[in-house]
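K.L.:
Could you have a look at this structure, given as structure tokens, before my questions?
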Amino acid sequence: MEVIVFPDYAKLSVYAAQMMATQIGNKATSVLGLATGGTPVQTYQELVGLHREEGLSLSEVTTFNLDEYWGLSGSHPASYRYYMWENLFRHVDVPMEQVHIPHGDAPDAMEECRRYEGLLSELGPIDLQILGIGNNGHIGFNEPGTEFGSITALIDLTPDTIAANARFFEASEDVPRQAISMGIKSIMQARQIVLLASGASKAEAVAKAVTGPVSTALPASILQLHPQCTFLLDEAAASGIDNGEGLAVKRM
Ligand code: F6R
């Protein structure tokens, strides 16, 4: 695992967008795994800038989003489908038929999970997976305790996650209690993984993910076992890491 620390969130975001652009430059038909939430917002803005100003084309790219709230349709402003449209897809040239996000309003959740996992097997593996990390160490919506062998599933969100995500809703009662999420096994199958974390609220989870034991108690710790995983952190998110043996931390 490689850990790169940036002075601030803006520089981290520029670097992450560059990594995505390099991937697309090397392989126009790349399959990208995408995250939502607050952290990647500026990465997507930077990517849009590269599309507009440097001619980066996403026209042959396929995308898979990690997750979607169960019970929200894509027209709900807090849905991840809406977020992706607003923050990325409407500004770039990726055809929407190459975009995949679980349907939060599918008639049957189990069937939707099977459909999504099937698409991942058919069109994958993901070349570059972007991840955020929850304060509790979740990746995707794989909360503590999730089996490492898990595939796309309907997840019960923890009170922690509901509280952390209430900022995107009018009231915390409005936060859906469940989500469809790619599983940990589905995420680990990506060829390359880039995890973004910003701010002091992530410091403890980040430190445990990079130097703690690999344990289902902290889902992101599994990333220590991935052959090509990079953590991009700002100073605050990196502040809990004890620069112990064996961990190469690069500062940019
Ligand atoms: C979102 C996702 C989540 C977030 C995580 C951090 O698609 O899968 O794991 O990445 O909850 O969210 P933010 O960036 O809002 O702190």
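The numbers here are math on the coordinates, done by the rules we state, and not lab data. Please read these numbers as outputs of a predicted model, since none were measured by experiment. Note: ideal-geometry Cβ built from the backbone for every residue, glycine included; neighbour counts use all protein chains shown.
K.L.:
Taking helices (runs of 4 or more DSSP H) that do not extend beyond segment 155-252, which have at least 1 residues that are over 16 Å from the mean Cα position of the chain (by Cα) and surrounded by fewer than 16 Cβ atoms within 10 Å (Cβ to Cβ)?
P.N.:
Details: elements: 159-165, 184-188, 203-211, 235-238.
Output list reads 159-165.
K.L.:
In addition: Just wondering, is there one or more residues in segment 16-36 that are hydroxyl-bearing (Ser, Thr, Tyr), under 15 Å from the mean Cα position of the chain (by Cα), under 27 Å from Ile162 (Cβ atoms) and assigned to a helix (DSSP H, G or I)? Steps first, please.
P.N.:
First pass over segment 16-36, keeping only residues hydroxyl-bearing (Ser, Thr, Tyr): 22, 29-30, 36.
From the residues that got through so far, the ones that are under 15 Å from the mean Cα position of the chain (by Cα) too are 36.
From what is left, the residues that are under 27 Å from Ile162 (Cβ atoms) are 36.
Now narrow it down to the ones that are assigned to a helix (DSSP H, G or I): none.
For segment 16-36, residues hydroxyl-bearing (Ser, Thr, Tyr), under 15 Å from the mean Cα position of the chain (by Cα), under 27 Å from Ile162 (Cβ atoms) and assigned to a helix (DSSP H, G or I): absent.
K.L.:
Still on this model: Any chance you could count how many residues in segment 56-80 are under 16 Å from the mean Cα position of the chain (by Cα), more than 15 Å from the ligand (Cβ to nearest atom) and part of a loop (DSSP other than H, G, I, E, B)?
P.N.:
Total meeting the criteria: 0.
K.L.:
Something else: Quick check on segment 236-252: of everything there that is without any contact (Cβ under 8 Å) to a residue 40 or more places away in the chain and not polar (S, T, N, Q), which residue is nearest to Pro7 (Cα to Cα)? Quick ask: steps written out before the conclusion?
P.N.:
We begin by selecting, within segment 236-252, every residue without any contact (Cβ under 8 Å) to a residue 40 or more places away in the chain; these are 236, 239-240, 242-246.
Now drop any that are not not polar (S, T, N, Q), which leaves 236, 240, 242, 244-246.
Details: Ala236: 9, Gly240: 15, Asp242: 17, Gly244: 21, Glu245: 23, Gly246: 23 Å.
Among residues in segment 236-252 that are without any contact (Cβ under 8 Å) to a residue 40 or more places away in the chain and not polar (S, T, N, Q), the one nearest to Pro7 (Cα to Cα) is Ala236.
K.L.:
Residues to consider are Leu233, Leu218; find the one that is touching a Lys or Arg at 6+ places or on another chain (Cβ under 6 Å) and touching a residue at least 12 places away in the same chain (Cβ under 8 Å). Steps first, answer last, please.
P.N.:
Working: Leu233 fails: touching a Lys or Arg at 6+ places or on another chain (Cβ under 6 Å).
Unique residue meeting the criteria: Leu218.
K.L.:
I've got another one for you. For segment 52-81, which residues satisfy the criterion of being farther than 18 Å from Met182 by Cα and out of contact with any helix residue (DSSP H, G or I) (no Cβ under 9 Å at 6 or more places or on another chain)?
P.N.:
Of everything in segment 52-81, those that are farther than 18 Å from Met182 by Cα and out of contact with any helix residue (DSSP H, G or I) (no Cβ under 9 Å at 6 or more places or on another chain) turn out to be Glu53, Gly55.
K.L.:
With within 13 Å of the ligand (Cβ to nearest atom), of a type in the set (Gly, Ala, Ser) and within 25 Å of Asp108 (Cα to Cα) as the only criterion, which of Ala163, Ala179 stands out? If you could, list the steps in order and put the result at the bottom.
P.N.:
Working: Ala163 fails: within 25 Å of Asp108 (Cα to Cα).
Result of the check over Ala163, Ala179: Ala179.
K.L.:
Inside segment 183-223, can you point out the residues that are of a type in the set (Val, Ile, Thr), within 14 Å of the ligand (Cβ to nearest atom) and out of contact with any helix residue (DSSP H, G or I) (no Cβ under 8 Å at 6 or more places or on another chain)? Show your work before the answer.
P.N.:
Residues of segment 183-223 of a type in the set (Val, Ile, Thr): 184, 187, 193-194, 206, 210-211, 214, 216, 222.
Among the residues that remain, those that are also within 14 Å of the ligand (Cβ to nearest atom) are: 184, 187, 193-194, 206, 222.
Listed by number, the list holds a single entry, Ile187.
K.L.:
In addition: Please work out which one of (1) away from the ligand (no atom under 16 Å from the Cβ); (2) free of Cβ contacts under 8 Å to residues at least 60 places away in the same chain is the condition Tyr83 fails and give its number.
P.N.:
With respect to (1) away from the ligand (no atom under 16 Å from the Cβ); (2) free of Cβ contacts under 8 Å to residues at least 60 places away in the same chain, Tyr83 is out only on (1).
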